[in-house]
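J.: Quick one: the structure is below, and I'll ask about it shortly.
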Amino acid sequence: MSTLQTNTMTLIDNRDSKVYEFKILDATRGPSVIDIATLYKDTGVFTYDSGYTATASCKSSITYIDGEKGELRYRGIDINTLATKYTYLEVCYLLLHSVLPNKKELLDFDLELRHRSFIEEDLKRLINAFPDSAHPMSILSSSVAALASFHYEHLDMNNEKEYAEMAHRIIAKIPTLAAFAYRKSLGIPFIYPDIDRSFTENFLYMLRAYPGGKMKRTADGIEEIKAIEIKALDTIFTLHADHEQNASTTVVRNVASTGAHPFVAISSGISALWGRAHGGANESVIMQLEMIGSVDNVDKYIAKAKDPNDDFRLMGFGHRVYKNFDPRAKVLKDLQDQLKEELHLDSNLMEIASKIESIALSDEYFISRNLYPNIDFYSGVILTALKIDRPMFTAIFVIGRCVGWVAHLLEFKADAKSKIARPRQLYTGK
Ligand code: ACO
């Protein structure tokens, strides 16, 4: 043992007492990892970690999470600072370039995205071919995959300029595709982007405007988009922008690892995000609150959530990484409180949510399992107040997260040592 190096971990195979040494790689922050890349070659065994609860699948310098402390940072900057002091576009620039933009850089980036926000007429026809009953996430995933056929079907992965253009193009077009998907599900005409409007305002405009770009006219005048609504949605985009190796980002990296087109990789990320254990939870939270219906029914549903023989789960509670409050949920809870009066948040839903929250935060079942409200618990009530329909909630998550997926694609591509993702298995068949 005395000859073993200190920056290693020793594995003893008790079947034959052989000793193996594996290098420990230190992170700049957070847990170190054991480099087991040679484990199979050296020992003849694989590791088994279903759900990757103890596996680092890559090296990354984009986002840092401390799940015990409830800390989240993009490129080293705390999420609360980013959400309260910067716009979503500044955060996008930060994720892509590792630094916040100066005034000129921000203006150029903003203008480029505005001008790239239009989609091809043929793509519009593809969206039109979906049934009106189609879920926006189904349309979004398909249309993003289809985008590969319209742009760089034979993308030169080594051409920096082409690759950067691809990155900006997808971030710019996602809100348009999402808005078109939404309007298709309502069976109403599409509204083209307005390049005079900012990224987030433009998205609300494409959801709300009438043909010809007119906004709704009421007895009190024209219903313009309020600055506070833009700020609220912009904050939601920022909070969703990245979250290190979550399920959808891992899917994006894995698909990209085969050399597939980046838009196809992002389309796979959209599909992964749709699930209710991931981004689909925001839609499920509101459905669940509506199903509960009244504060009088909350106890009954809390009991169901705690019953080991009932698979009912409280949507918007729990997280694989956060074992303390989700810091994004904290920002949204504050935002929800600020918006209560101004945006007329649904008081019945808020009352039910608030009772669930207070019971769960003091109940032994939830405390012992570290089940705190996550970001999805609060986002739905705010999105409802922004007059965004429930089936669009996960599409909103996609718009925010798209930049994170792109940043991970760029990081993956820049790593000369990146390999195709190809795990092994513990065979249990005949
Ligand atoms: N309600 C009730 N009990 C729960 C909940 C919940 N929301 N979440 C976890 N538990 C319980 C489990 O039943 C389990 O209990 P047990 O130990 O008695 O068997 C224990 O807590 C651990 O749960 P796991 O499923 O093992 O935890 P995991 O880390 O795999 O799952 C997940 C995390 C998927 C987020 C889970 O908490 C969940 O399903 N939450 C509801 C869906 C949700 O809100 N998803 C959004 C996540 S955030 C995001 O993607 C943006």
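J.: Looking only at the stretch 329-343, decide whether some residue is in contact with a helix residue (DSSP H, G or I) (Cβ under 8 Å, 6 or more places away or on another chain), near the ligand (Cβ under 10 Å from one of its atoms) and among the basic types (Lys, Arg). I'd like the intermediate steps shown before the answer.
T.: Narrowing the stretch 329-343 to residues in contact with a helix residue (DSSP H, G or I) (Cβ under 8 Å, 6 or more places away or on another chain): 329-333, 335-336, 339-340, 342-343.
From the residues that got through so far, the ones that are near the ligand (Cβ under 10 Å from one of its atoms) too are 329.
Pick out the ones that are also among the basic types (Lys, Arg) and you get none.
No; the residues of the stretch 329-343 include none that is in contact with a helix residue (DSSP H, G or I) (Cβ under 8 Å, 6 or more places away or on another chain), near the ligand (Cβ under 10 Å from one of its atoms) and among the basic types (Lys, Arg).
J.: Now a separate question. Tell me whether the stretch 353-369 contains one or more residues that are within 13 Å of the ligand (Cβ to nearest atom), open to solvent by 60 Å² or more (accessible area, probe 1.4 Å), at pLDDT 90 or above and small (Gly, Ala, Ser).
T.: Taking every residue of the stretch 353-369 in turn, at least one turns out to be within 13 Å of the ligand (Cβ to nearest atom), open to solvent by 60 Å² or more (accessible area, probe 1.4 Å), at pLDDT 90 or above and small (Gly, Ala, Ser).
J.: Pairs under 6 Å by beta carbon, first residue in a helix (DSSP H, G or I) in the stretch 345-373, partner of a type in the set (D, E, K, R), six or more apart or different chains?
T.: Between residues of the stretch 345-373 that are in a helix (DSSP H, G or I) and residues that are of a type in the set (D, E, K, R), the close pairs are TYR365/LYS306.
J.: If you check LEU100 against the conditions, is it part of a helix (DSSP H, G or I), of a type in the set (A, V, I, L, M) and within 21 Å of the chain's Cα centre (by Cα)?
T.: The answer is no for LEU100.
J.: Could I ask something else about it? Which ones in the stretch 275-311 are more than 10 Å from the ligand (Cβ to nearest atom) and within 30 Å of THR55 (Cβ to Cβ)?
T.: GLU283
J.: Within the stretch 401-424, can you find the residues that are outside any helix (DSSP H, G or I) and in contact (Cβ under 8 Å) with a residue 60 or more places away in the chain?
T.: Scanning the stretch 401-424 gives ASP415, SER418, LYS419, ILE420, ALA421, ARG424.
Here is a yes/no grid of residues against (1) buried (at least 21 other Cβ atoms within 10 Å of the Cβ); (2) under 21 Å from MET315 (Cα atoms); (3) in contact (Cβ under 8 Å) with a residue 60 or more places away in the chain:
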position: ALA232; (1), (2), (3): yes, no, yes
position: THR238; (1), (2), (3): yes, no, yes
position: VAL252; (1), (2), (3): yes, no, yes
position: ILE266; (1), (2), (3): yes, no, yes
position: ARG276; (1), (2), (3): no, yes, no
position: VAL285; (1), (2), (3): yes, yes, yes
position: SER294; (1), (2), (3): no, yes, no
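J.: Taking the condition surrounded by 15 or more Cβ atoms within 10 Å (Cβ to Cβ), assigned to a helix (DSSP H, G or I) and within 12 Å of the ligand (Cβ to nearest atom), does LEU314 pass? Outline the logic, then answer.
T.: Details: surrounded by 15 or more Cβ atoms within 10 Å (Cβ to Cβ): yes; assigned to a helix (DSSP H, G or I): no; within 12 Å of the ligand (Cβ to nearest atom): yes.
It is false that LEU314 is surrounded by 15 or more Cβ atoms within 10 Å (Cβ to Cβ), assigned to a helix (DSSP H, G or I) and within 12 Å of the ligand (Cβ to nearest atom).
J.: Going by what's in this entry, would THR200 be described as of a type in the set (Ser, Thr, Tyr), within 16 Å of the ligand (Cβ to nearest atom), touching a residue at least 12 places away in the same chain (Cβ under 8 Å) and not in a loop (DSSP other than H, G, I, E, B)?
T.: When the stated conditions are applied, THR200 does not pass them.
J.: Condition test on ASP16, is it farther than 21 Å from LYS419 by Cα and modelled with pLDDT of 95 or more?
T.: Yes, satisfied.
J.: A further question on this structure: Just need a number here: residues in the stretch 162-204 that are among the charged types (D, E, K, R) and over 25 Å from PRO262 (Cβ atoms).
T.: 5
J.: Can you confirm whether LEU339 is assigned to a helix (DSSP H, G or I), open to solvent by less than 10 Å² (accessible area, probe 1.4 Å), at negative phi and at pLDDT 85 or above?
T.: Details: assigned to a helix (DSSP H, G or I): yes; open to solvent by less than 10 Å² (accessible area, probe 1.4 Å): yes; at negative phi: yes; at pLDDT 85 or above: no.
No.
The values are calculated or read from the model by the stated rules, or taken from the named source; none is laboratory data. Quantities reported herein were computed from a predicted structural model and do not represent experimental measurements. Every residue, glycine among them, receives a Cβ derived from its backbone with ideal geometry; neighbour counts consider all protein chains shown. The area values use the complete protein model at the heavy-atom level, side chains included, leaving out ligands, DNA and RNA. Shrake-Rupley method; radii C 1.70, N 1.55, O 1.52, S 1.80 Å.
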